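The structure appears below as structure tokens.
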Amino acid sequence: MQLGNAKRTALTCLTYQQRQLLFAGLKSEVNRSFCMLDPQAQRRWATAAQKLTEILEFFEHAPQDAEGCSMVKAVELACEFTIQAIPSEHEIANATIH
């Protein structure tokens, strides 16, 4: 719970414009990550990427918590999407060895 509060505090310390830039950057990163995927992976991740882009776009235009969705959760989802969608170099190396 303390970590969640710390994340929320960190986001609220940013100015309105800084939060807008943060969410615009996260949206760009999600789109960049999606474009890096091979066609099969793009089909698998398309729905998640589209929904996440919509959420980030919402916060880009209105960077404040809304009913049913928090800025902290949106940031976490964007980071998690990038981590899960794009395999690390280590994972790629292990896949080619086997």
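The values are calculated or read from the model by the stated rules, or taken from the named source; none is laboratory data. Since we're looking at a predicted model, the values are computed, not measured. For neighbour counting, all protein chains shown are included, and Cβ atoms are generated from backbone atoms with ideal geometry for every residue, glycine included. Only protein heavy atoms, including side chains, enter the accessible area calculation; ligands, DNA and RNA are left aside. Shrake-Rupley method; radii C 1.70, N 1.55, O 1.52, S 1.80 Å.
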Counting only helices (runs of 4 or more DSSP H) wholly inside region 15-93, the ones holding at least 1 residues that are of a type in the set (D, E, K, R) and in contact with a Pro (Cβ under 6 Å, 6 or more places away or on another chain) are 16-36
Kindly indicate whether L26 is at pLDDT 95 or above and open to solvent by less than 100 Å² (accessible area, probe 1.4 Å).
yes
Of the residues in region 51-69, those that are buried (at least 16 other Cβ atoms within 10 Å of the Cβ) and aliphatic (A, V, I, L, M) come to L52, I55, L56
Just to check your reading of the model, which residue among Q40, Q50 is of a type in the set (S, T, N, Q) and at pLDDT 95 or above?
Q50
Pick from region 36-50 the residues that are small (G, A, S) and under 15 Å from the mean Cα position of the chain (by Cα): which of them is least open to solvent (accessible area, probe 1.4 Å)?
A49
